[in-house]
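The values are calculated or read from the model by the stated rules, or taken from the named source; none is laboratory data. Predicted model only: the values in this text are computed from it and were never measured. Glycine gets a Cβ as well: all are built from the backbone with ideal geometry, and neighbour counts include every protein chain shown. Areas reflect the complete protein model, heavy atoms only, side chains present, ligands, DNA and RNA absent. Shrake-Rupley method; radii C 1.70, N 1.55, O 1.52, S 1.80 Å.
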Amino acid sequence: MTDRSEHDPKPETVAAAHGVASDPSYGAISPPLYLSSTYEFTGYDQARAYDYGRAGNPTRDLLADALARLERGAGAVITSSGMAAIDLLVSRLHVGALVVAPHDCYGGTMRLLKARGERGQIVLRLVDQADTAAFTAALEHGPALVLIETPSNPLMRIVDIAALGAMAHGAGALVAVDNTFLSPALQQPITLGADFVIHSTTKYLNGHSDVIGGAVVAADPAQVEQLRHWSNVVGSAGAPFDAWLTLRGLRTLFSRMERQQISAMAVARYLEHHPAVAKVHYPGLPSHSGHAMAGRQQRGFGAMLSFELAGGVEAVQRFIGAVRFFTLAESLGGVESLVAHPATMTHADMGVEARSVAGIGDGLLRLSVGLEAEDDLISGLAEGLGACAA
Ligand SMILES: *Cc1c(COP(=O)(O)O)cnc(C)c1O
């Protein structure tokens, strides 16, 4: 990137142009994809910048640098999935370390932490992080790591990263925030005091639903070194081609987010006034409990929302049969709009009781709002909702 100015480029510029025109061989504008698994030594005991692909790869490092800059961290490690990113963070803990996580965290995160807990590798405490008394009580047990997810999935609950982070630090814990739902375009947890940011790059960062990937960004260079070391030890790094695709997706992150959240707001407003809808969970609506907090902590309200159908599970089935432009699928953050039914899909593993404690009912649907025309999205939803009463 040709950048002769004194000050750091803005995040939009980093996303669009980090590594552009940096190819010393041919002056390629788009950064080359290095697939080689190994690198020539220049001579006896003389490695170059890269020696072996598990330890390091130029394409992967370019993505890591871009994400570290966007998240204002000291560095990042790219993993083969979002789950591998969380596991990398957990694998660095000592046996028996206490991890405090939200009781309504991402289903895969819950499964991973529980599995590690059942084998005695960590001790897990799940807590409603919106409940300050419960959070304070959990901290009294001396956690090594506190995991925060905001907005939460699928109810979009907002917690105060700076306040919870300060409390966790006071108890001697390190703080990791899963920033998958907003991306650094809309929230930068490190600037709010977090030690680590976790991403499923599968979602908004890649944005095109064609890569599974993850990243851990660390605020402290010593933590970055440790993460790099462990990534090489356990071999959890993402593939170079995946990094290249993700970097290509990242180029348009800010434009996608900007457009998608405008449509999400329009969709939320539309749903809020529809008689078939009992409740809408979108932090952009003044009726949402986290609206003020989201306004302070985020740069936008994002493009994820959920809503409850008044007619329960029968209405869900009718809706799904009739809705247009929202495809029934897991995942989120792509250019195409998706609808998911948490109780039978993303949160099925949680079990009925845990779902009811977390407030995830059978009539709840989650939307990932994509880049289709806003009018099409709303008329597509109208068809689905029209069928609910039938
Ligand atoms: C998808 C997701 C993950 C897991 O990421 P994968 O790339 O699917 O392994 C973790 N956290 C959140 C919030 C997610 O949405």
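Quick notes on this one:
- Of the strands (runs of 3 or more DSSP E) contained entirely in the stretch 76-193, those carrying at least 1 residues that are under 26 Å from LEU63 (Cα atoms) fall at 145-149, 174-178.
- Residue within the stretch 270-282 that is in contact with a His (Cβ under 7 Å, 6 or more places away or on another chain), outside the structural domain of ASP87 (by TED's automatic domain parsing) and of a type in the set (Val, Ile, Thr) present: no
- Residue selected from the stretch 152-163 under the condition at pLDDT 95 or above and open to solvent by less than 10 Å² (accessible area, probe 1.4 Å), by the criterion farthest from the ligand (Cβ to nearest atom): ILE161
- Taken across the stretch 313-331, residues that are farther than 29 Å from PRO189 by Cα and in a strand (DSSP E or B) do occur, with at least one present.
- Scanning the stretch 224-262 for residues that are farther than 19 Å from ILE86 by Cβ and of a type in the set (A, V, I, L, M, F, W, C) gives PHE241, TRP244, LEU245, LEU247, LEU250, LEU253, PHE254, MET257, ILE262.
- Hey, PHE319 aromatic (Phe, Trp, Tyr) and closer than 14 Å to VAL369 by Cα or not: no
- Residue list for the stretch 260-271, restricted to those being surrounded by 17 or more Cβ atoms within 10 Å (Cβ to Cβ) and either without any contact (Cβ under 8 Å) to a residue 24 or more places away in the chain or over 19 Å from THR180 (Cβ atoms) (or both): SER263, MET265, VAL267, ALA268, TYR270, LEU271
- Test for ASP178: is it open to solvent by less than 50 Å² (accessible area, probe 1.4 Å), of a type in the set (Asp, Glu) and within 16 Å of the ligand (Cβ to nearest atom): yes
- Test: residue in the stretch 137-148 that is in the same structural domain as ASP61 (by TED's automatic domain parsing) and either within 14 Å of the ligand (Cβ to nearest atom) or at pLDDT below 95 (or both): yes
- Members of the stretch 360-382 that are assigned to a helix (DSSP H, G or I) and open to solvent by 10 Å² or more (accessible area, probe 1.4 Å): GLU374, ASP375, ASP376, ILE378, SER379, ALA382
- When the criteria are applied in full, GLY312 meets the requirement of being at pLDDT below 95 and more than 20 Å from ILE148 (Cα to Cα).
- Counting only residues that are in a loop (DSSP other than H, G, I, E, B), more than 22 Å from ASN206 (Cα to Cα), out of contact with any Lys or Arg (no Cβ under 7 Å at 6 or more places or on another chain) and hydroxyl-bearing (Ser, Thr, Tyr), the stretch 13-52 holds 6 of them.
- Hits in the stretch 332-352 - residues which are part of a loop (DSSP other than H, G, I, E, B) and free of Cβ contacts under 8 Å to residues at least 12 places away in the same chain: THR344, GLY351
- Filtering the stretch 208-223 to residues that are in a loop (DSSP other than H, G, I, E, B), away from the ligand (no atom under 13 Å from the Cβ) and crowded, with 24+ Cβ neighbours inside 10 Å leaves nothing.
- Scanning the stretch 285-312 for residues that are among the small types (Gly, Ala, Ser), buried (at least 23 other Cβ atoms within 10 Å of the Cβ) and touching a helix residue (DSSP H, G or I) at 6+ places or on another chain (Cβ under 6 Å) yields GLY302, ALA303.
Residues are listed down the side, and each one gets a yes or a no for (1) free of Cβ contacts under 8 Å to residues at least 40 places away in the same chain; (2) farther than 20 Å from ASN179 by Cβ; (3) within 13 Å of the ligand (Cβ to nearest atom):
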| residue | (1), (2), (3) |
| --- | --- |
| VAL197 | no, no, yes |
| HIS229 | yes, yes, no |
| GLY235 | no, yes, no |
| SER255 | yes, no, no |
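- Set ALA64, ALA55, ALA101: member being more than 15 Å from the ligand (Cβ to nearest atom), closer than 23 Å to THR201 by Cβ and surrounded by 17 or more Cβ atoms within 10 Å (Cβ to Cβ): ALA64
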